[in-house]
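Undergrad: Got a structure here, written out as structure tokens. Questions coming.
The values are calculated or read from the model by the stated rules, or taken from the named source; none is laboratory data. Only a predicted model underlies this, so the values are computations on that prediction, with no experimental measurement involved. Neighbour counts run over all protein chains shown; Cβ positions are idealised from the backbone, glycine included. The accessibility values were calculated without ligands, DNA or RNA, using every heavy atom of the protein model including side chains. Shrake-Rupley method; radii C 1.70, N 1.55, O 1.52, S 1.80 Å.
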Amino acid sequence: MARPRKPLLSTDRIVETARALVDAEGLTAVSTRRLAAELGVSGPSLYNHFRTKDEILEAVADSVSAQVDLSMFEDGREWRTALHDWAVSYRAALRDHPNIVPVLAHGPGRRPAALRLADAVYGAMVDAGWPPAQATSIGALMRYFVMGSALGSFARGFVDDASAYDPADYPHLGQAHLLAEQQDKIDQRAFETGLTALLDGLAQQFEQLREER
């Protein structure tokens, strides 16, 4: 029997194609018509896998959540180290796919990978000795911090035109026009600074909890 000329349509293939569209052009680029054209199939054939565009975007979001490493919660790392390493992996996944962050920001919903992520963080904190309510707060706090860092670049927000920063108006921004060209370095340093401060604060709270017991 001759092989089909085109790869068979599958859920994974649809998600990969939709993710590439979101990465390249943003959420508005995704439509069933556009996806069908990219995949070389008829529009109705997509409905065998997804009923709506929103379902496709949810699947794309979950495929990004699935890229986050969770091994640090299973290999015996101390809770602070595990949170740090997870946050770094989480941010890396979101930085690779920043256009899907608004969908991820809605919460895990019914997405399996996102729920596994939430379960891993919460479970690790409870196992480490955090009370359940505070373990929930830690998961929320880390999510806010990592997603916020992935939503945009601080350094890229400054134009590279020195004339935009008249010293008469902005006496402390004489070097601001240089920020954009060092975007990655500055944003990475800011993330690490914030993450260290956040974890230092949690470690203090944890010690207080242990003393009160």
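Undergrad: Applying 1/(1 + (r/R0)^6) with R0 = 35 Å to the Cβ-Cβ distance of R110 and A37, what FRET efficiency is obtained, to the nearest 0.05?
TA: According to the calculation, E is roughly 0.75.
Undergrad: Continuing with the same structure: As a test of reading the structure, rank H97, H177 by solvent-accessible area (1.4 Å probe, protein chains only), most first.
TA: H177, H97
Undergrad: Right, something else. Among T11, P102, H84, which residue has its Cα positioned farthest towards the positive end of the charge dipole of the chain, with +1 placed on the Cβ of Lys and Arg, -1 on the Cβ of Asp and Glu, and the dipole taken about the Cα centre?
TA: Working it through, the farthest residue towards the positive pole turns out to be T11.
Undergrad: Rounding to the nearest 20 debye, state how big the charge dipole of segment 1-91 is about its Cα centre with +1 on each Lys and Arg Cβ and -1 on each Asp and Glu Cβ.
TA: The dipole of segment 1-91 has a size of about 600 debye.
Undergrad: With an 8 Å cut-off on Cα pairs and a minimum separation of 6 or more residues, tell me the relative contact order of segment 149-213 in percent.
TA: 31
Undergrad: Right, next: Among S163, A176, G129, which residue has its Cα furthest toward the positive end of the charge dipole of segment 71-208, with +1 on Lys/Arg Cβ and -1 on Asp/Glu Cβ?
TA: Farthest towards the positive end: G129.
Undergrad: Here's something else I'd like to know. With the dipole of the chain worked out from charges on the C-beta (+1 for Lys and Arg, -1 for Asp and Glu) around the Cα centre, which of I138, A20, Q188 lies farthest toward the positive end?
TA: Checking the options against the dipole of the chain, the answer is A20.
Undergrad: Modelled label-to-label distance, D127 and E55, 7 Å Cα→beta-carbon offset: nm?
TA: Going by the 7 Å Cα→Cβ label model, 3.5 nm.
Undergrad: With a 1.4 Å probe and every protein chain left in place, work out the accessible area per residue of the chain in Å², rounded to a whole number.
TA: 59
Undergrad: Can you match P(r) over Cα pairs in 5 Å bins from 0, in percent to one of these, (i) 1, 6, 12, 14, 14, 12, 11, 10, 8, 6, 3, 1, 1, 0, 0, 0; (ii) 1, 6, 14, 17, 19, 15, 12, 8, 5, 2, 0, 0; (iii) 1, 7, 16, 21, 21, 16, 10, 5, 1, 0, 0, based on a calculation from the structure here?
TA: Looking at P(r) over Cα pairs in 5 Å bins from 0, in percent for this model, the match is (i).
Undergrad: Quote the charge dipole size of the chain about the Cα centre in Debye, to the nearest 20; the model charges only the Cβ of Lys and Arg (+1) and of Asp and Glu (-1).
TA: Dipole magnitude for the chain comes out near 1140 debye.
Undergrad: R0 = 25 Å: FRET efficiency of T11 with R156, Cβ-based, nearest 0.05?
TA: 0.10
Undergrad: Can you list which of the trypsin sites (Lys or Arg not before Pro) found in segment 1-89 are DSSP loop residues with at most 12 other C-beta atoms within 10 Å?
TA: Counting only loop positions with at most 12 other Cβ atoms within 10 Å, the trypsin sites (Lys or Arg not before Pro) in segment 1-89 are R5, R51.
Undergrad: Here is a further query. Can you list the DSSP H helices in the chain whose Cα atoms extend at least 20 Å along the helix axis and whose mean Kyte-Doolittle hydropathy is 0.0 or higher?
TA: Result, helices passing both filters: 112-128, 132-150.
Undergrad: How are the Cα pair distances of segment 141-213 distributed, in percent, across 5 Å bins from 0?
TA: 3, 15, 16, 16, 13, 12, 10, 6, 4, 3, 2, 0
Undergrad: Also, I was wondering about something else. Loop sites only, by DSSP: take the GluC sites (Glu not before Pro) in the chain that have at most 16 other C-beta atoms within 10 Å and name the longest stretch containing none of them.
TA: Excluding the exposed sites themselves, the longest stretch runs over 79-213.
Undergrad: Also: At 1.4 Å probe size, with the rest of the protein present, what percent of the exposed accessible area of the chain is carbon and sulfur atoms?
TA: 53
Undergrad: Right, next: If you average the alpha carbon positions of segment 198-213 and of segment 135-163, how far apart do those two centres end up, in angstrom?
TA: 25
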